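These notes are about the structure you will find just below.
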Amino acid sequence: MLIKSVCIPKENLTTVDESCTLEDALNILEDSGYRCVPVLDATEKIFRGNIYKMHIYRHKSNGGDMTLPVTHLLKNATKFIYIDSSFFKVFFTIKELPYIAVLDKNHQFYGILTHSKLLNILSQSWNVSEGRFVLTIASPGRQGDLASMSKIISRYASIASCITLDIGRDEFIRRTLITLPAGTTEKTCQEITEQLEKKDFKVVEIEDLTKEK
C-alpha cells in the first residue's frame with residue numbers, strides 16, 4: 001500500500017504544539033473546525049498524540065484548569081503507522097479513529113491517513129465504477145477453491161476485482177466477492193452462476209451495480 005501517496009502531509013495540516021495550554025488548543029480546534037488534531041513537539045517532528053475537542057470541553061465543564069498543558073488530555077499516543085506499513089497494519093490500527101498518524105522511517109511525523117481516505121481505497125479495490133455484477137460466492141474453504149472459481153468465470157468474462165471475507169471466522173465457510181466488469185450481460189452472469197453451482201459453489205447473492213448508481 002503506497003501510504004505516502006494517499007496521506008495528508010504535515011505541512012497541509014492543522015497541528016498543536018505540546019507547549020500549548022488547553023485553552024489555546026481549544027481555540028485552534030474551534031478555528032479549524034476539526035474535532036481533533038495531532039499534537040507535536042516543538043520541532044514538529046515527534047508525534048505526541050491527538051487532542052480532541054470533546055475531551056477539552058468535558059474537562060472545562062467539570063471546572064478543570066484550562067491553563068494546563070495540552071499533554072494533560074493527550075489520546076492515541078501509540079496509535080500510528082509508518083509510511084511502509086502494510087494494508088493490514090493500517091486497517092487494524094485505524095479502527096474507530098478519524099485518522100491515523102503516519103511516521104517516516106526515522107520515526108518522525110510525516111502526516112495523517114484519514115478514515116475516509118482508507119474507505120475510498122477500499123471502494124476502489126471493489127472496482128464499483130468499472131463493474132457490473134458482484135457475485136457473493138460461498139465455498140467450504142478448500143485449497144484451490146479460488147483458482148477453480150476463477151477458471152470457471154474466466155471462460156465467460158474477466159474479473160474486475162476479488163475480495164475474500166470470513167477468513168478465520170468460520171473454518172468451513174468462505175465468502176468470495178467477485179466483480180464482473182462493465183458490459184457483462186445478465187445472460188453471461190446467469191451462465192457463470194449456473195457453472196459455479198454445478199461445481200458446488202453457492203452463489204448466495206448477485207448485486208447489479210448499475211442499479212446502485
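A few notes on this one:
- Listed by first and then second residue, the pairs linking a residue in region 193-209 that is crowded, with 16+ Cβ neighbours inside 10 Å to a residue that is of a type in the set (D, E, K, R) and not in a strand (DSSP E or B), with Cβ atoms under 7 Å apart and 6 or more places separating them unless they lie on different chains, are V203/E197.
- The condition of being surrounded by fewer than 16 Cβ atoms within 10 Å (Cβ to Cβ) and among the acidic types (D, E) holds for only one of D145, D84, that being D84.
Table: residues versus (1) closer than 16 Å to L68 by Cβ; (2) without any contact (Cβ under 8 Å) to a residue 24 or more places away in the chain.
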{"position": "L2", "(1), (2)": "no, yes"}
{"position": "C7", "(1), (2)": "no, no"}
{"position": "K10", "(1), (2)": "no, no"}
{"position": "T14", "(1), (2)": "no, yes"}
{"position": "C20", "(1), (2)": "yes, no"}
{"position": "G33", "(1), (2)": "no, yes"}
{"position": "A42", "(1), (2)": "no, no"}
{"position": "Y52", "(1), (2)": "yes, yes"}
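- Filter result for L135 (hydrophobic (A, V, I, L, M, F, W, C), surrounded by 15 or more Cβ atoms within 10 Å (Cβ to Cβ) and either under 30 Å from V6 (Cα atoms) or at pLDDT below 95 (or both)): yes
- Elements of type strands (runs of 3 or more DSSP E) in region 85-166, at least 3 residues being of a type in the set (V, I, T) and out of contact with any Pro (no Cβ under 8 Å at 6 or more places or on another chain): 131-139
- When residues of region 5-17 are limited to those that are surrounded by 15 or more Cβ atoms within 10 Å (Cβ to Cβ) and assigned to a loop (DSSP other than H, G, I, E, B), the one modelled with the lowest pLDDT: C7
- So I163, is it surrounded by 12 or more Cβ atoms within 10 Å (Cβ to Cβ), hydrophobic (A, V, I, L, M, F, W, C), farther than 18 Å from S123 by Cα and at pLDDT below 90: no
- Among the residues of region 18-70, those that are outside any strand (DSSP E or B) and of a type in the set (S, T, N, Q) comprise S19, N27, S32, T43, S61, N62, T67.
- Selected residue (criterion: modelled with the highest pLDDT) from residues of region 170-187 that are surrounded by 16 or more Cβ atoms within 10 Å (Cβ to Cβ) and either more than 25 Å from the chain's Cα centre (by Cα) or among the hydroxyl-bearing types (S, T, Y) (or both): T184
Residues checked against (1) in contact (Cβ under 8 Å) with a residue 12 or more places away in the chain; (2) assigned by TED's automatic domain parsing to the domain that holds A160; (3) surrounded by fewer than 16 Cβ atoms within 10 Å (Cβ to Cβ); (4) over 14 Å from the mean Cα position of the chain (by Cα):
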residue	(1), (2), (3), (4)
G63	no, no, yes, yes
M66	yes, no, yes, yes
L74	yes, no, no, yes
T78	no, no, yes, yes
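The values are calculated or read from the model by the stated rules, or taken from the named source; none is laboratory data. Not measured: the values here are computed from a predicted model. Reconstructed Cβ throughout: ideal geometry from the backbone, glycine too, with neighbour counts over all protein chains shown.
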